[in-house]
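Comments concern the structure below.
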Amino acid sequence: MSAGPAATRDWDLDAPALLVAEDFVKSYGGVHALRGVTFKARTGAVNVLVGENGAGKSTLMKILSGAEQATSGRIVLDGDVVEFRSPREAMARGIGIIHQELSLFPNLSVADNIFAGRELHNRGHLTDVREHRKQASAALSRLRQEISPDTMVGDLPIGTQQLVEIARVLSQDVRILIMDEPTSALSGTEVDVLFEVMEDLRKENVTIIYISHKLEEFRRIGDYVTVLRDGALVAEAPMSETDTAWIVQQMVGRSQSSLFTRTASTVGDVILQVEGLTVPGKPTALVDNVSFNVKAGEIVGIYGLMGAGRTELMETLIGTRIRSAGSIRIEGKEAGDSRVARRLAMGLALVPEDRQRDGLVQALSVRANVLLAIVGNLTKGLLLSNGRERDVANGQVQDLRIKVPSVDAQVTELSGGNQQKVVLARALLTKPKILLLDEPTRGIDVGAKTEIFRIMSGLADAGLGVLFVSSELAEVMGMADRVLVMARGRITADLPRDEVTQGLLVSASASSQAMKVSQ
Amino acid sequence: MNASPETEAKTPLPVEERRQPNTGARVAMLLLQGRTLIVLVVLIAVFSLISVDYLTQSNLLLMTKHVSITAIMAIGGTFVILTAGIDLSVGSIAGLSGMISGGLLYEGLKLPGGHTVWFSTVMVMAIGILVGAAVGAINGLLITKLNVAPFIATLGVLYVARGFADLRSGGGTFPNLAGTPARHNTGFDVLGVQSWFGVPVSIWAMVAVAALAIVVTTRTPFGRRVYAVGGNERAAELSGIRTARIKIAVYIISGACAALAGLILTSELGAAYPDTATTYELNAIAAAVLGGTSLFGGKGTIIGTVVGAFVIGYLSDGLVLVGVSPFWQLVVKGTVIILAVVLEQTQERVKARMAT
């Protein structure tokens, strides 16, 4: 660390920036993912980008790596204005990206993956398989991986797959390396290896943009930190001038009260009792011996990072995933086999995380979507009663204030927030006793978020138990009467409202052991 | 449910009023749905210009009679395609049902003891349709319980059902289905030969099946669930819909419709041949697709499918009537199917562009 241009570690905000995103604006339909962000990646430094889910980090990186184009704004690389119409063009200028979601081909070998789309050719114009193997081995040994380049990627553990993804980018000539949550699937030692490689890259004057949620990790490796919130840049500073509390404060920003303040409802009996719930997975259990309860009138938040097992827990509760052990009791009755219809009848209902994939039937109207779970009850004789359908659907539209041109409009015509309310309306029509909400505010604007919270609060007042998953600190802290923290499939903390602090949540979400917290 | 306390909605929703601006979109939707109908009208116009015999009452009735077979099969197939499945076995099911029913009329049911049991005509028809429904149930069970892809499951059943059709007679024909009054099994010709009020019974059958199918798809909870399963199976499941049951049901419907078509064909021919309705599944699928049913599921109408069946039938018969060679008939038929789908894709793209 003593030689090389980047070794001085004398970082300040005026240092030269190799890549600048100037005044980026990006809108999807009516949703603004970025609202005029100017982000600088300083030359030869590790530039950390942080922010909560939906803050715009991934969108910013997609534009810088050519996967998407900004609605307005320009990219300045090395002093020149450039334009990337595809990832290939960005790559040609030396910008590589390691994606958060693996973008590997599980059915191909490690070497094939590393050279996918840029195969080398020998003199006979055939793929040079030997050269592929040689270079793949070199890239892997740089990452201290002793795996054969002929191994099928699908056969590797997920952490190793992540390293293959990293090897793929490193085997190309990158000047700027974007890493979007590269450690989410890595073990502690694998993270150490990655950081050593990053140190090497820094010595080679490679500029790194590093996106992460894990405070301790990025504080170890980062030189600069830039904070995004709700599509805008709110702060940037050399890492040495910051501390954890400051970063969290910048990320969360708004005081919790401005989002929504909940007054706790009267808490009743336990409605949902989960004990020792386990869902097997590779390499470790997706849900690992989880026990908790939810009482009537209580809003329980589950906080955790991506991949912590929160969604899997929700899916197991509603019955789309099969548990290998443990019990789920609703009002004292064991839930039995995993059939969604039965769980709904017992009083559970789920608003899923991905409303496009799991929530909406895009081809159908708002009315059909809202009524989907209860159409069987809306008949007159054998036929559906148009009048009753209309009444019930309109009732829900008014209760939840869903903004629609008419209940017969295609559900795809609605904004994200209103689509979410459609899914919520459907769940509520099954008259649940326990409402499960998985990231209920994902991808919707602040106004709609507040409304969703108001609805959740109203439901708790009416005696429902509400269990919701969120990756946003402000949300769980503002809304939950009790917070469960999940990490690596386990519950690592169970905190009543008045004991919750940002620091506790953050450290519990990075821990793999249950934290000893007095209740 | 009291989810929104205190404050009133700032803009109360004038639902009735705000339906107004949707009219334009509805006209566009109607045009979209009418696309196949426009093709049909053009088709009729062109052929009646070429041949004076095309647009005559007798020819229209004859062509529509042919259409009824394809339409009935395609209506059943539409249920399956709406769930994002496919049923390749309908032609074979039609053949098998024809052979089962034909055999019962011709030689009765031979029991091991040397006895022969005879069934009345109505019973014979009912058994034929039940056989089709049962084969459909096998399709559905293979797909839902054993996780066989619909294409493969029904392809396998296509061969198996055809094989059993051959096995029923050892590959031969049941040449005489007239029956005898003493056995109460006369009158099987009602389906394929007779007319009521001057219209062939098979056309009445098509109208009845279509009417029933329209009601089921648009006005019953089952119909709504069929669309939901095809549109988004995961969402349907989370809504408590038993998706496996819905899928099994649509294959049963498809099998029963195919069997009815098989009975009509057999009745029309006056004899049961084991290779009846071979490759008819392709016409059925083409009719559904021409009518705007999406092979990805969730989108499509029964009316569209019926119009699609008319396009295929009127086109085929028209080409024969004006004397186009059988080889060119195939080329024209295939081209029209592709063009119709290209047109749909174009209109979908236009629609998407208008929406944004």
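Looking at B:193, B:201, B:226, just one residue is modelled with pLDDT under 95 and either more than 7 Å from chain A (Cβ to nearest Cβ) or open to solvent by 30 Å² or more (accessible area, probe 1.4 Å) (or both), and that residue is B:193.
Could you look through segment A:379-399, keep only residues that are among the β-branched types (Val, Ile, Thr) and more than 14 Å from residue A:424 (Cβ to Cβ), and pick out the one that is farthest from the other protein chains (Cβ to nearest Cβ)? Of everything passing the filter in segment A:379-399, A:392 is farthest from the other protein chains (Cβ to nearest Cβ).
Among the residues of segment A:176-200, those identified as in contact (Cβ under 8 Å) with a residue 60 or more places away in the chain and under 24 Å from residue A:62 (Cα atoms) are A:176, A:177, A:178, A:179, A:180, A:181, A:182, A:184, A:185, A:198. All of B:217, B:154, B:173, B:186 fail the test of being among the polar types (S, T, N, Q), under 20 Å from residue B:87 (Cβ atoms), more than 14 Å from chain A (Cβ to nearest Cβ) and surrounded by 14 or more Cβ atoms within 10 Å (Cβ to Cβ), apart from B:154. Cβ contacts < 7 Å: first residue more than 12 Å from chain B (Cβ to nearest Cβ), restricted to segment A:334-347; second residue loosely packed, with under 15 Cβ neighbours inside 10 Å and among the small types (Gly, Ala, Ser), any location; separation 6+ or different chain. Result? From residues that are more than 12 Å from chain B (Cβ to nearest Cβ), the pairs are A:334/A:327. Kindly indicate whether any position in segment B:185-195 is of a type in the set (S, T, N, Q) and part of a helix (DSSP H, G or I). Within segment B:185-195 (the criterion being of a type in the set (S, T, N, Q) and part of a helix (DSSP H, G or I)), the answer is no, since none of the residues qualifies. From the list A:234, A:252, A:248, A:294, the one residue that fits, being open to solvent by less than 60 Å² (accessible area, probe 1.4 Å), away from every other protein chain (no Cβ under 14 Å) and either free of Cβ contacts under 8 Å to residues at least 24 places away in the same chain or in contact with a Pro (Cβ under 9 Å, 6 or more places away or on another chain) (or both), is A:234. With a requirement of 2 or more residues that are charged (D, E, K, R) and either within 14 Å of chain B (Cβ to nearest Cβ) or within 19 Å of residue A:292 (Cβ to Cβ) (or both), the strands (runs of 3 or more DSSP E) lying completely within segment A:428-519 that satisfy it span A:490-496.
Picking from A:443, A:489, A:458, which residue would you name as being crowded, with 21+ Cβ neighbours inside 10 Å and not aliphatic (A, V, I, L, M)? Let's see the steps before the verdict.
Details: A:443 fails: crowded, with 21+ Cβ neighbours inside 10 Å; A:458 fails: crowded, with 21+ Cβ neighbours inside 10 Å.
Selected residue: A:489, the only one of A:443, A:489, A:458 that is crowded, with 21+ Cβ neighbours inside 10 Å and not aliphatic (A, V, I, L, M).
When residue A:304 is tested against (1) open to solvent by less than 70 Å² (accessible area, probe 1.4 Å); (2) farther than 21 Å from residue A:353 by Cα, exactly one condition is not met: (2). For segment A:361-372, the candidate set comprises residues that are of a type in the set (A, V, I, L, M) and open to solvent by 10 Å² or more (accessible area, probe 1.4 Å); within that set, the residue that is farthest from the other protein chains (Cβ to nearest Cβ) is A:364. For segment A:348-360, a residue qualifies if it is within 8 Å of chain B (Cβ to nearest Cβ) and buried (at least 24 other Cβ atoms within 10 Å of the Cβ), and the qualifying residues are A:350, A:352, A:359, A:360. Based on this model, can you work out whether residue A:86 counts as among the hydroxyl-bearing types (Ser, Thr, Tyr), on the phi < 0 side of the Ramachandran plot and out of contact with any strand residue (DSSP E or B) (no Cβ under 8 Å at 6 or more places or on another chain)? Answer is yes for this residue.
For the criterion of being of a type in the set (Asp, Glu), surrounded by fewer than 20 Cβ atoms within 10 Å (Cβ to Cβ) and either over 19 Å from residue B:225 (Cβ atoms) or modelled with pLDDT under 90 (or both), residue A:408 fails.
Specify the residue that is farthest from the other protein chains (Cβ to nearest Cβ); the eligible residues are those in segment B:229-254 that are on the phi < 0 side of the Ramachandran plot and outside any helix (DSSP H, G or I).
Filtering segment B:229-254 for residues on the phi < 0 side of the Ramachandran plot gives B:229-239, B:241-254.
Restricting the remaining residues to those that are outside any helix (DSSP H, G or I) gives B:232, B:239, B:241-242.
Numbers: B:232: 4, B:239: 4, B:241: 7, B:242: 6 Å.
Taking the candidates together, the pick is B:241.
Of the residues making up segment B:116-146, those that are open to solvent by less than 60 Å² (accessible area, probe 1.4 Å) and of a type in the set (Phe, Trp, Tyr) number 1. A search for C-beta distances below 7 Å between a residue of segment B:304-321 that is in contact (Cβ under 8 Å) with a residue 60 or more places away in the chain and more than 16 Å from residue B:284 (Cα to Cα) and any residue that is open to solvent by 10 Å² or more (accessible area, probe 1.4 Å) and among the hydroxyl-bearing types (Ser, Thr, Tyr), counting only pairs 6+ apart in sequence or on different chains, returns B:321/B:51.
Of everything in segment A:400-411, what is within 17 Å of residue A:371 (Cβ to Cβ), at the interface with another protein chain (Cβ under 8 Å from one of its Cβ atoms) and either part of a strand (DSSP E or B) or not charged (D, E, K, R) (or both)? Give them in sequence order. Hits for segment A:400-411 are A:400, A:404, A:406, A:407, A:409. For the condition at pLDDT below 90 and under 23 Å from residue B:203 (Cα atoms), residue B:39 qualifies.
Scanning segment B:232-242 for residues that are open to solvent by 20 Å² or more (accessible area, probe 1.4 Å) and closer than 12 Å to residue B:83 by Cα returns a single hit, B:233.
Consider residue A:376 carefully, then state whether it is more than 8 Å from every other protein chain (Cβ to nearest Cβ), open to solvent by 10 Å² or more (accessible area, probe 1.4 Å) and of a type outside the set (Val, Ile, Thr). Steps first, please.
Values: more than 8 Å from every other protein chain (Cβ to nearest Cβ): no; open to solvent by 10 Å² or more (accessible area, probe 1.4 Å): yes; of a type outside the set (Val, Ile, Thr): yes.
Spelling it out, it is not the case that residue A:376 is more than 8 Å from every other protein chain (Cβ to nearest Cβ), open to solvent by 10 Å² or more (accessible area, probe 1.4 Å) and of a type outside the set (Val, Ile, Thr).
In the set (1) in contact with a Lys or Arg (Cβ under 8 Å, 6 or more places away or on another chain); (2) at pLDDT below 90, the condition left unmet by residue A:142 is number (1).
Give, as residue ranges, the helices (runs of 4 or more DSSP H) completely inside segment A:15-127 that count at least 2 residues that are surrounded by fewer than 20 Cβ atoms within 10 Å (Cβ to Cβ) and free of Cβ contacts under 8 Å to residues at least 60 places away in the same chain. Steps first, please.
Details: elements: A:57-64, A:87-92, A:110-114.
Hits in segment A:15-127: A:87-92.
The values are calculated or read from the model by the stated rules, or taken from the named source; none is laboratory data. For clarity, every value in this text was computed on a predicted model and none was experimentally measured. All Cβ positions, even for glycine, are placed from backbone atoms using ideal geometry, and neighbour counts span all protein chains on display. Accessible surface areas use protein heavy atoms only, side chains included; no ligands, DNA or RNA. Shrake-Rupley method; radii C 1.70, N 1.55, O 1.52, S 1.80 Å.
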